[in-house]
Every structure is written in C-alpha cells, then in structure tokens.
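In what follows, a single structure is set out as structure tokens and then discussed.
The values are calculated or read from the model by the stated rules, or taken from the named source; none is laboratory data. Since the model is a prediction, treat every value here as computed from it, not as a measurement. Glycine also receives a Cβ, built like all others from the backbone with ideal geometry; neighbour counts cover every protein chain displayed. Just the protein is used for accessible areas: all its heavy atoms, side chains included, with ligands, DNA and RNA removed. Shrake-Rupley method; radii C 1.70, N 1.55, O 1.52, S 1.80 Å.
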Amino acid sequence: MLNDPKTITEPLPEGLSLKMTEVGLSLLGNGLSLTADLSEMIPRIKKGVLGKELLIKAARIRGKEHPTVLDATAGFGQDSLLLSAAGFQVFLYEYDPVISALLADALFRAKDVPELSEAVSRMTLYKEDSISAMKALSEAPDVIYLDPMFPKRNKSALIKKKFQLLQKLEKPCPDEEELLSAALLAHPHKIVIKRPLKGPFLAGRKPDYSLEGKAIRYDCIVLA
C-alpha cells in the first residue's frame with residue numbers, strides 16, 4: 001500500500017524519515033513534520049464557494065457533466081480535490097514515492113471525513129511518471145492539468161520551512177518542454193496550466209486564453 005512507509009524502497013536524503021504519527025504518515029526532518037491533510041480544503045469545497053474557484057472555471061467543458069481530468073503534477077492533491085468536488089473524475093499522477101505515499105495516506109484518511117468522502121471517491125492516484133503515462137494513454141482525458149510550480153508557492157514562513165523537506169526529495173518542476181509536449185500529444189480537449197500571475201508561459205507556449213486571480217493565473221490551451 002502506498003500509505004505504508006515500509007513500501008518506500010528508495011533511500012531518503014540524510015536527515016529525513018517517514019513515520020506514522022497520530023495525525024497520519026509524516027515526513028520528518030530538521031525538527032519539522034509535514035503531513036498531507038485534505039481536511040484543510042473543506043472550507044473551499046462548500047456549496048456557494050466551490051463555484052467561485054478559478055480552477056473550476058478554467059477546467060469546465062461546456063456540455064460535459066462529469067469530465068475526466070489528468071492531474072500530471074498531483075503534489076498533495078489540493079487542486080485535484082477541488083476538481084473532484086466539482087464533479088470531475090480525477091486521475092492523479094505523482095512520481096516521487098515519498099510524496100505519493102503522503103498523498104495516498106491523506107486520501108485514505110479523507111475517505112472517513114463526511115465532507116470529503118464523495119469527492120475522494122472520484123480521485124484515483126497513480127505512483128507513476130505522468131510524462132510517460134501521457135505518452136502511453138489509450139484514451140485522451142477531457143482535461144490535462146499542469147501545476148509545475150509545486151512546491152514553491154507559500155506565504156507562511158513556517159510552510160516555507162516545511163516545504164524545504166520536499167525540496168530535498170525532488171526538483172520543484174520537471175522539464176517544462178517535455179511536460180507540455182507530452183500533454184499536447186495526449187490530445188485532451190483542454191490543457192489548464194497554473195502559473196504565477198506575472199510568470200512566463202509554460203515552455204513559451206502562448207495559451208488561447210487565461211483566467212487571472214490576485215496571485216496566480218490559469219492558462220488554457222484548447223485543442224478540440
């Protein structure tokens with residue numbers, strides 16, 4: 001099982017360890033503890049609030065009641081949860097074994113939270129490289145979601161320190177050109193890309209349109 005730390009066969013960087021704590025599977029190091037917790041998202045998935053999320057507006061496809069989404073950069077799954085709560089069927093890909101284990105544990109615990117259980121039932125996690133997976137798809141998803149900023153987008157000093165633990169595990173962003181190229185080759189209806197508000201286009205590809213918030217924007221490439 002992904003939520004069992006004993007299944008992590010790759011050695012962790014020096015000073016880091018995985019341990020099942022009272023709050024769930026946790027990454028420990030430098031006197032800090034990091035646990036994925038989807039319950040923090042409950043206020044954002046409430047009725048009357050969820051529909052205002054820019055991500056939901058960006059990912060919607062007219063005429064599709066339950067679109068499929070491939071989240072190619074799942075991280076801790078917060079954005080995937082927003083999409084699934086809005087009715088999307090979401091397939092999450094996270095290649096790093098430690099991050100995927102933390103996310104799997106968060107999903108496992110979320111199944112028992114009444115406010116999260118229905119949304120989580122529409123989320124499927126794959127511990128797999130999304131670039132390879134997208135190249136091998138037999139059927140295109142309706143939407144491919146890319147968020148290559150992870151894990152560099154935190155305001156709180158403590159959160160920044162905690163995410164330093166993850167920065168020891170993997171680079172913040174995979175190869176942008178290869179990531180976008182694989183998404184384009186998968187031929188979804190739409191590719192949605194999360195970017196800093198003033199950040200450059202992913203791999204220099206200009207989107208068909210963008211939705212802008214206060215700190216981030218969603219660039220949308222429409223293919224069908």
### Message
Quick check: net charge around S210, other residues with Cβ under 9 Å of its Cβ, Lys/Arg +1 and Asp/Glu -1?
### Response
-1
### the chain, helix-only ellipticity at 222 nm - DSSP H runs n ≥ 4, -39,500 (n - 2.57), divided by all residues, nearest 500
-8000 deg cm²/dmol
### Query
With every protein chain present, what is the per residue accessible area of the chain (1.4 Å probe, Å²)?
51 Å²
### Task
Determine how large the accessible area of Y95 is when every protein chain is in place; take a 1.4 Å probe and give Å² rounded to the nearest 10.
110 Å²
### Task
Heavy atoms only, probe 1.4 Å: what % of the accessible area of the chain goes to carbon and sulfur, would you let me know?
52 percent
### Message
Taking 2.2 N^0.38 Å as the expected size of a compact globular protein, what ratio does the Cα radius of gyration of the stretch 26-73 give against it, to two decimals?
### Response
1.65
### Message
Keeping all protein chains in place and using 1.4 angstrom, which order do S33, S121 fall into by accessible surface area, from largest down?
### Response
S121, S33
### Query
Under the Kirkwood approximation for Rh and a Cα-based Rg, what ratio Rg/Rh is obtained for the chain?
0.94
#### Entry: Sparse-neighbourhood loop sites, trypsin sites (Lys or Arg not before Pro) in the stretch 48-116 - DSSP loop, at most 15 other Cβ within 10 angstrom
R62, K64, K111
#### Entry: Helical segments meeting 18 Å axial Cα length and Kyte-Doolittle -1.0 threshold in the chain (DSSP H)
97-110
### Query
Using 0.36 nm per residue, how much length does the chain from T124 to S17 gain when fully extended, once their Cα-Cα distance is taken away?
36.0 nm
#### Entry: Stokes-Einstein translational diffusion, the stretch 1-110 - Kirkwood Rh over all Cα pairs, 0.890 mPa s, 25 °C, in µm²/s
161 µm²/s
